[in-house]
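**Q** Pasting in a structure now, in structure tokens, and then I'll have a few things to ask.
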Amino acid sequence: MRAESGLPYGVDVRTPSVARMYDHLLDGKDNFAADRTACAHLLQQVPSMKALALNNRAFLRRVVGVLAKDYGIRQFIDHGSGLPTQDNVHQIAQRVDDRSRVVYVDTDPTVRSVGGALLETNDRTAVLQADMRNTDMIFDSPQVDRLIDFGEPVAALFVSVLHCIPDEDRPLDLIRDVKARLPSGSVMVICQLVSERPEVRDGVSDFMDRETHGHWGRVRTRSDVRSYFGKNDLTVLDPGLVEVSQWRPDRTAAAPPQLSFEWEEFGGVGLVS
């Protein structure tokens with residue numbers, strides 16, 4: 001639980017933040033009463049939310065490890081990264097190769113403050129406060145210019161963030177814009193909250209839109225996520241597009257928390273040709 005004194009400019013502790021709600025669900029400490037209350041209300045509506053958050057974080061750890069070990073990826077741009085927690089992208093990648101570079105991108109000023117303080121001694125990692133929809137700003141930023149070499153493959157991560165983008169901002173086009181800037185051999189990691197039940201999609205989306213004062217998009221369908229890959233000509237890596245706990249699961253690890261499947265995190269990894 002974070003004290004409310006000494007906060008960076010722009011932090012509104014009265015309005016729940018998606019990044020801080022996620023932090024609370026992961027048992028983090030960088031969240032406030034409004035975030036915890038919103039999570040309690042959300043869990044009443046979709047009881048599997050905490051299990052889903054834990055599974056999603058485990059997917060992020062696995063996918064970064066696989067990309068670093070098996071595909072030789074040494075550069076990562078993590079869009080909508082959220083607050084630092086245990087085993088962040090740079091820690092996983094740099095265990096494979098300490099020359100790995102990571103740029104974290106998030107619009108929440110809490111992320112910039114907390115993340116910047118934690119990473120100030122790691123010169124191969126940076127935090128950029130930016131809206132992930134602003135591709136020009138991100139790719140033209142000093143942080144990306146310093147750390148990312150576009151002559152080599154890059155992993156662009158969109159892990160559990162596209163549901164924060166409303167339909168009118170065209171998340172499919174965002175994926176297309178980012179893909180156009182990546183060299184051949186790069187990868188895009190994409191997953192988001194989905195449900196095949198209209199009442200869940202509408203109910204959760206309405207709730208989150210109210211709680212976050214409009215900082216939310218929409219729970220979508222599996223078909224929507226498939227379109228991110230298919231309409232952008234991304235070659236989907238095995239095992240395809242799946243509920244994320246089924247993406248190359250670690251057979252030696254404890255079983256993932258069980259979901260009640262009123263919704264799920266769905267996606268995978270696409271190769272840029």
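Readers should treat all values here as calculations from the given coordinates under stated rules, not as data from a laboratory. Worth saying up front: this structure is predicted, and the values here are computed from it rather than measured. Cβ placement follows ideal geometry from the backbone for every residue including glycine, while neighbour counts extend to all protein chains displayed.
**Q** Mind checking the full-extension length gain between ALA180 and ARG14? Use 0.36 nm per residue of separation minus the Cα-Cα distance, one decimal, nm.
**A** Full extension from ALA180 to ARG14 adds 55.9 nm.
**Q** Mean-square fluctuation check for the chain, GNM, Cα pairs under 10 Å: which of ALA53, ALA253, ALA130 is largest?
**A** Answer for the Gaussian network model of the chain: ALA253.
**Q** Next up: Using a Gaussian network for the chain with springs between C-alpha atoms less than 10 Å apart, which of these wobbles most: LYS69, LYS50, LYS179?
**A** Per the Cα network of the chain with a 10 Å cutoff, LYS69 tops the list.
**Q** For the chain, give the share of DSSP beta bridges that are antiparallel, in percent and rounded to the nearest 5; count only bridges with both residues there.
**A** Antiparallel bridges: around 40 percent, rounded to the nearest 5.
**Q** If I model a spin label as a point 7 Å beyond the Cα along the Cα-Cβ vector, how far apart are those points for ASP87 and ARG146 in nm?
**A** Result: 2.9 nm between the two label points.
**Q** Can you tell me the equivalent ellipsoid semi-axes for the range 179-273? Use √(5λ) from the Cα gyration tensor, largest first, whole Å. Can you show the working numbers first?
**A** Working: eigenvalues 128, 78, 26 Å².
After scaling each eigenvalue by five and taking roots: 25, 20, 11 Å.
**Q** With label points built 7 Å along Cα→Cβ from the Cα atoms of ASP27 and ARG210, find their separation and express it in nm.
**A** Each label point is offset 7 Å from its Cα along the Cβ direction, giving 3.1 nm.
**Q** In straight Cα distance, which aspartates and glutamates are under 17 Å from LYS50, not counting same-chain residues fewer than 8 positions off?
**A** Answer for LYS50, where 17 Å is the Cα cut-off: ASP23, ASP27, ASP30, ASP35, GLU243, GLU262, GLU264, GLU265, listed by chain and number.
**Q** What dipole magnitude, in Debye to the nearest 20, does the chain give about its Cα centre under +1 on Lys/Arg Cβ and -1 on Asp/Glu Cβ?
**A** 560
**Q** List the aspartates and glutamates whose Cα lies under 13 Å from the Cα of LYS231, skipping any in the same chain that are fewer than 8 positions away.
**A** The qualifying aspartates and glutamates are ASP173, ASP177.
**Q** What is the sum of charges, Lys and Arg at +1 and Asp and Glu at -1, for the other residues whose Cβ falls under 10 Å from the Cβ of ALA58?
**A** Charge balance near ALA58 sits at +1.
**Q** Let me ask something else about it. Charges only on Cβ, +1 for Lys and Arg, -1 for Asp and Glu: so what's the dipole of the range 111-219 about the Cα centre, in debye to the nearest 20?
**A** 200
**Q** Taking the square root of 5 times each eigenvalue of the Cα gyration tensor, what semi-axes in Å does the equivalent ellipsoid of the chain have, largest first?
**A** 26, 23, 18
**Q** Would you calculate a helix-derived [θ] at 222 nm for the chain, using -39,500 (n - 2.57) for each DSSP H run of n ≥ 4 and dividing by the full residue count, to the nearest 500?
**A** -11500 deg cm²/dmol
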